[in-house]
1. For chain A, with the dipole built from +1 on Lys and Arg beta-carbon atoms and -1 on Asp and Glu ones, taken about the Cα centre, which of A:Q47, A:A32, A:S64 lies farthest toward the positive end?
2. With springs only between Cα atoms under 10 Å, which of A:Q99, A:Q132, A:Q31 fluctuates most in a Gaussian network model of chain A?
3. Can you give the Kirkwood hydrodynamic radius for chain A, in Å, rounded to one decimal and based on Cα pairs?
4. In chain A, which whole DSSP H runs stretch at least 30 Å along their own axis (Cα) and average -1.0 or higher on the Kyte-Doolittle scale?
5. Give, as a single signed number, the net charge of other residues whose beta carbon lies under 11 Å from the beta carbon of B:L133, with Lys and Arg counted +1 and Asp and Glu -1.
6. Under 21 Å from the Cα of A:K78, which lysines turn up, not counting those fewer than eight places away in the same chain?
7. Using a Gaussian network model on chain A with a 10 Å cutoff between Cα atoms, which of A:V39, A:V59, A:V77 fluctuates the most?
8. Explain nothing, just the number: dipole magnitude of chain A about its Cα centre with +1 on each Lys and Arg Cβ and -1 on each Asp and Glu Cβ, in debye rounded to the nearest 20.
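Throughout, read-outs are computed from the coordinates displayed, never taken from laboratory work. Because the structure is predicted, anything quoted here is derived from the model rather than measured. Cβ sites come from the backbone with ideal geometry, for glycine too, and all protein chains shown count toward neighbours.
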Amino acid sequence: MIRNAIERLIRPTETAYAHCDLPCGVYDPAQARIEAESVKAVQERYQKADSMKSAAETVEDYRSRCLSIKEERANMVKEHLWVLWTDYFKPPHVEKYPQLHQLFWDATKEAGLSKKSQDPAQGEKLLGLIKQIDTIFWETKKA
Amino acid sequence: MMMQRLWLALGALAAAAVSILAVVLRRGVMRVEVAGESMTPALEPGDFLILRRGAPPAGAEYGQIVALHDPRPEGDGRLLLKRVVGQPGEALRVGGSLQVNGRVLIEPYAHGDTPTEQHRGINRLEAGTYFVLGDHRGASTDSRDFGPVAREAIAGFAVLRYWPVARAGWLRPPVRRLLGVGPEVPQPLVWQTPSPDAGNP
């Protein structure tokens, strides 16, 4: 009780943060880009399943694995984009870059589409959208 | 009569001392409560500190725990507590271990690894700028995120922990110890903004 009373009496009025913005205040569209590159690479491998598969598996097996991995990676693209969209970007950013909401909408939709598409051109389109977000992101960092 | 005058004099003296102390406390030092765990084990959440206002004396900045306002545009400008690990003119390689001018810095106060997402690579410090890191490397927002910090941006440096009593004492910076070979002071180069690929070495 006495300890609490003393603590209240001598408590500083200011707080200093030895802090970490979980997840560490670290935002980087590179995370989404890497996952999207995986998506595109899997789409390419899916097309070349005959030559890419190991001797121990059938083309169907190899393609099944491709689809499973692609599903997972496409979801990670969405996750990383959502974190940027909802955590990093703030109203002033949207004011300056009015296309931002549409861009994220398109990119996350495209990430969803890549679950269904086996065409590397689709993966390339996804990467193009992420590239646009990346450009805006680094412009806001310079500001 | 004599006793009355003595008490009056003592009272006036005490009032003057309190006034002077109040002015000194307001101008020369600041008191802060620590929140967060990026400076553990040196600082624990709930520690009460006394900081001297302004940057540490030139030439004695290494290892000092400094308070600076969050410089990130997306930050809210609140006070951050971090340790100075790089001084003006030095080249720092941030990664698994910290290298200063090509030599590994021995950091008994640090623990945890730099996450791959944070800026790694070589950071060259211009005149009047410092590289600050949290001791808990795996969970700290610091110069790996917002880059070097200008001397003017440092609001104060920690000198004393006065609460809790069991951990009270002076907060003295460690002596800097470097391993390996390399030039002591390279020519200062321009700080470069991390490239989009910076987090993916």
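1. A:A32
2. The residue that fluctuates most here is A:Q99.
3. 17.8 Å
4. Going by DSSP H runs, the hits are A:59-83, A:120-142.
5. 0
6. Hits, sequence-local ones excluded: A:K40, A:K70, A:K90, A:K109, A:K115, A:K116, A:K125, A:K131.
7. Residue with maximal mean-square fluctuation among A:V39, A:V59, A:V77: A:V59.
8. Around 220 debye, computed over chain A.
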